[in-house]
Amino acid sequence: MKTARSMGIAALILTGFAVVGTGLVAVTHSGTKDIIAAANRAALEASLNRLVPAERYDNRVIDDRIEVVAPEWLGTDQPVAVYRARHDGQPVALFATPTAPDGYGGPIQLLVGVYADGTLAGVRVLAHKETPGLGDAIDEKRSPWILAFAGRSLTDPPSEKWKVKKDGGAFDQFTGATITPRAVVKATHKFLEYVQTHREQLFAPAADAKTVGPPPRP
């Protein structure tokens, strides 16, 4: 009887600890989720402002967004958020995170900014698994290679030159690592084509914006 009673008391104590622990986790999560969300928003804004200075627009870019689905152009069949920068209601630039699916080490996630006139505000690499010392030169912390996209467009260079030099294009490649820059150049070019083809939908006023789907198949 004493043993059973002792076991019952122990079980109640353990249950109490479990309830208290669960409560503390819930309280902690509730108290920090807003802080985490705010930090993520601030980090996103900072990333966008590195491509397009904040003084060039007057809207809350991260709140002016739509979801687009265009695997042929964006490199993923998942919805991709497009953020729009405006000044006095007029389009200034847009930002998105297309994927270069054919990197040497796997998909490469990019952040691309495009001005309303079709020129690139810039390109940055958000995530990759490229070989250290070779393919990771796409990261601006490793080399300035990625900075060369700023100011480029579908006409500078011409579309047929949107390749690495090894393939007869205008963009440098890395010694011993051609696949990685080739993938980034291709993905950036495809995104520029997507913006040109869907400009009116992408820059539509927030109240009129709808999800932009993939193009109809022929």
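Checking the cross-link pairs 166/186; 141/161; 129/165; 129/186; 141/190; 129/161 against a 20 Å limit on the alpha carbon distance flags 141/161; 129/165; 141/190; 129/161 as lying beyond it. Cβ crowding within 10 Å ranks 155, 131 as 155, 131, fewest other Cβ atoms first.
Stretching the chain fully between residue 165 and residue 41 yields a gain of 40.9 nm (0.36 nm per residue, less the alpha carbon separation).
We did not get these values from a lab; they are worked out from the coordinates using the rules stated. Everything numeric in this text was worked out from a predicted model, so none of it was measured. In this analysis, Cβ positions are derived from the backbone assuming ideal geometry, glycine residues included, and neighbour counts consider all displayed protein chains.
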